[in-house]
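Novice: Before we start, here is the structure in question, set down as C-alpha cells.
The values are calculated or read from the model by the stated rules, or taken from the named source; none is laboratory data. Here the structure is a predicted model, which means the values were calculated and not measured. We place every Cβ from the backbone using ideal geometry, glycine too, and count neighbours over all the protein chains shown. SASA here: full protein model, heavy atoms, side chains in, ligands and nucleic acids out. Shrake-Rupley method; radii C 1.70, N 1.55, O 1.52, S 1.80 Å.
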Amino acid sequence: MTPEENFMRKIENEEKIEPKDWMPDEYRKNLIRQISQHAHSEVIGMQPEGNWITRAPSLRRKAVLLSKVQDEAGHGLYLYSACETLGISRSEMIEQLQSGKAKYSSIFNYPTLTWADVGAIGWLVDGAAIVNQVSLQRTSYGPYSRGMIRICKEESFHQRQGYEAILALAKGSEGQKAMAQDALNRFYWPALMMFGPHDSESAHSAKSMTWKIKRETNDDLRQKFVDQTVKQIEVLGLEHPDKNIKWNEERGHYDSSDLNWDEFWSVINGNGHCNRQRIEHHVAAHDEGEWVRDAITAYNEKKRAKSAQNAA
Amino acid sequence: MTNITEKLELFEVFVRSKRGLDHKHVGSLHAEDHEQALEYARDCYTRRSEGVSIWVVKSSDICSSQEDDADCFYDPSDDKPYRHATYYVLPDPVNNM
C-alpha cells in the first residue's frame, strides 16, 4: 500500500490523522489555511466585543463579557497550537495575519455601534460559529478535532449570555427594543455570510470534503443556522430581518433570501468598515508586547547562565 | 548491592488507545533511556494492543501543581459561575442553545 493509499484508507474508515502520520502536502496546506484562519478569527474577534468592556451597562455584564473575551484568547491559543503540529511556527502565522496573506472571519470587520451589538454577537455570531464547530468536531485531523471538542464545551455560555443580554433589551423600553432590533438587522446577514460562499463558489470545499477536513457543506450549515434562528427571533418578539423567510414543508427547512454576495466579497477583499482598524490594532498590540517577550528571553538566559555557573 | 531501580531513571507512560483520542497517563516504569523506556512501555502497558501510540516522559521533567495549593490555585474560578452555560436562564422554547 502506498502512503497515499494508506492515508485515504484511514480517512475512509473515519480514523483520525495524527501529526506524525504521512499526509499529502495539499492536505497539510489546506489544514494550515483553515486552522490558522480559525485561530486568527478567535483573536481578532476579541476586538469588537472588547470595545464594550469598559462601557458594559452593569458590573455583572462586564464580568461576563470579560470572561467571554478571555475565552476567545484561549480558543485562539488552542487553535494556534493545533496548527503548529503541522510544522508552521506561531511567528509565521502572525506574520501572515498582519500582512493580509491569511484571512480571518469577515464578521469581525463590522463595527459594534451599541450595547445591543454585544448581545447580537454572542447570540448570532457565536451561534453560527457553534454550528460550524460542532460539525468540525468530526474533522479528520486529530489535534483540530480535539481542539473543537474543547472549544464547543466552553462556547455554549457565549451564545446564552448574548441571548440573555438581547432578551433583556427586547423586553425593555421602546428605545431598548429598537436597539435590539437594529442590532439584529445589522448582524443577521453577516452572520449568515460566516458560513462562506455557496458550495458551487467555494474554492476549497470539494477537496476539504473528500479529505473530511470539513464534514458538512457551507450551504447545509447555513441552512441549519437559518432554521434554528427563526424561533429565537420569535421568542424575542422582534421582527425577522428576512421578509422572505418561509417554512417549506416539502424540504423540511425554511426558505430564505439570497445574500448580498457583493458585500461578502467586498469585505473579504479588505473594504469592510473595520478591516484596517483591526489589523492596525493587532500590530500595535503585538509591538507593544515586545518588551514582555524580550524580558522572558532575558530572564531565561540569566537563569541558564546562573545554573551553568553553579554547576561549574 | 544497590537496587538497580535507584540507578535507572523513572519515566511516565502515556498511551493513545485509538486515533483521535488524547494520550492518557497509564503508569510509570524505570529505564536507562527514552528508547528503552518506550520498549518497556510497549511490553508492560500494551500487551493486549491497548494502544496505537505511546509517549514516555522523564518523571523529573514533569512540572506539576501541588494538590495542597489547589485552593489558591483554583479559587479565582470559584466565584465566576457565569462561565457556565447553566448560569443563564432562558425561555423554554430556546433553552436548547
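Novice: Looking only at segment B:61-93, which residues are open to solvent by 90 Å² or more (accessible area, probe 1.4 Å) and under 26 Å from the mean Cα position of the chain (by Cα)?
Specialist: First, pick out the residues of segment B:61-93 that are open to solvent by 90 Å² or more (accessible area, probe 1.4 Å): B:61, B:63, B:66-68, B:71-74, B:78-79, B:84, B:86, B:89, B:92.
Within segment B:61-93, B:D61, B:C63, B:Q66, B:E67, B:D68, B:D71, B:C72, B:F73, B:Y74, B:D78, B:H84 qualify.
Novice: Going by what's in this entry, would A:G175 be described as more than 30 Å from A:E4 (Cα to Cα), within 14 Å of chain B (Cβ to nearest Cβ) and either surrounded by fewer than 18 Cβ atoms within 10 Å (Cβ to Cβ) or not aliphatic (A, V, I, L, M) (or both)? Give the steps one after another, and end with the answer.
Specialist: Details: more than 30 Å from A:E4 (Cα to Cα): yes; within 14 Å of chain B (Cβ to nearest Cβ): no; either surrounded by fewer than 18 Cβ atoms within 10 Å (Cβ to Cβ) or not aliphatic (A, V, I, L, M) (or both): yes.
Here the answer is no, as A:G175 does not meet what is asked.
Novice: Open to solvent by 30 Å² or more (accessible area, probe 1.4 Å), within 14 Å of chain B (Cβ to nearest Cβ) and either over 21 Å from A:H286 (Cα atoms) or not in a helix (DSSP H, G or I) (or both): does that describe A:K62? Talk me through it step by step, then tell me what you get.
Specialist: Details: open to solvent by 30 Å² or more (accessible area, probe 1.4 Å): yes; within 14 Å of chain B (Cβ to nearest Cβ): yes; either over 21 Å from A:H286 (Cα atoms) or not in a helix (DSSP H, G or I) (or both): yes.
Judged against the criteria, A:K62 is a match.
Novice: For segment A:39-62, enumerate the residues that are of a type in the set (A, V, I, L, M) and in contact (Cβ under 8 Å) with a residue 24 or more places away in the chain.
Specialist: We begin by selecting, within segment A:39-62, every residue of a type in the set (A, V, I, L, M); these are A:39, A:43-44, A:46, A:53, A:56, A:59.
Scanning segment A:39-62 gives A:A39, A:V43, A:I44, A:M46, A:A56.
Novice: Further question on the same structure: I'm told A:A73 meets every condition in (1) under 16 Å from A:Y144 (Cα atoms); (2) open to solvent by 30 Å² or more (accessible area, probe 1.4 Å); (3) modelled with pLDDT of 95 or more except one. Can you identify the failing condition by its number?
Specialist: The single condition A:A73 does not satisfy is (1).
Novice: Which numbered condition in (1) more than 14 Å from every other protein chain (Cβ to nearest Cβ); (2) within 25 Å of A:N51 (Cα to Cα); (3) among the aliphatic types (A, V, I, L, M) is the only one that A:I151 fails?
Specialist: The single condition A:I151 does not satisfy is (1).
Novice: Follow-up. Out of the residues in segment A:76-94 that are more than 14 Å from chain B (Cβ to nearest Cβ) and open to solvent by 20 Å² or more (accessible area, probe 1.4 Å), which is farthest from A:T114 (Cα to Cα)?
Specialist: Step one: of segment A:76-94, the residues more than 14 Å from chain B (Cβ to nearest Cβ) are A:76-77, A:79-80, A:83-84, A:86-94.
Those left that are additionally open to solvent by 20 Å² or more (accessible area, probe 1.4 Å): A:77, A:84, A:87, A:89-92, A:94.
On the way: A:L77: 29, A:E84: 37, A:G87: 41, A:S89: 37, A:R90: 34, A:S91: 34, A:E92: 35, A:I94: 30 Å.
Ranking the candidates gives A:G87 first.
Novice: Here is a list: A:E201, A:E250, A:E234, A:E216. Which entry is of a type outside the set (A, V, I, L, M) and under 20 Å from A:M148 (Cα atoms)? Before the answer, list the steps.
Specialist: Values: A:E201 fails: under 20 Å from A:M148 (Cα atoms); A:E250 fails: under 20 Å from A:M148 (Cα atoms); A:E234 fails: under 20 Å from A:M148 (Cα atoms).
Going through A:E201, A:E250, A:E234, A:E216 in turn, just one is of a type outside the set (A, V, I, L, M) and under 20 Å from A:M148 (Cα atoms): A:E216.
Novice: Where the second residue is at pLDDT 95 or above and the first is of a type in the set (G, A, S) and lies in segment A:70-98, which pairs have Cβ atoms under 6 Å and are six or more apart or on separate chains?
Specialist: Matching pairs, first to second residue: A:G76/A:A39; A:G76/A:E42; A:G76/A:V43; A:A82/A:I35; A:A82/A:P143; A:A82/A:Y144; A:A82/A:G147.
Novice: Pull up segment A:209-260, narrow it to residues that are part of a helix (DSSP H, G or I) and open to solvent by 40 Å² or more (accessible area, probe 1.4 Å), then point me to the one that is farthest from A:G196 (Cα to Cα).
Specialist: Taking segment A:209-260 as the starting set, the residues that turn out to be part of a helix (DSSP H, G or I) are A:209-210, A:218-236.
Going one step further and asking which of them are open to solvent by 40 Å² or more (accessible area, probe 1.4 Å), we end up with A:209-210, A:219-220, A:224, A:228, A:231, A:234.
On the way: A:M209: 14, A:T210: 18, A:D219: 8, A:D220: 11, A:K224: 14, A:Q228: 18, A:K231: 23, A:E234: 26 Å.
Among those residues, the one meeting the criterion is A:E234.
Novice: Right, next: Would you tally the residues in segment B:18-27 being in contact (Cβ under 8 Å) with a residue 24 or more places away in the chain and surrounded by fewer than 16 Cβ atoms within 10 Å (Cβ to Cβ)?
Specialist: 2
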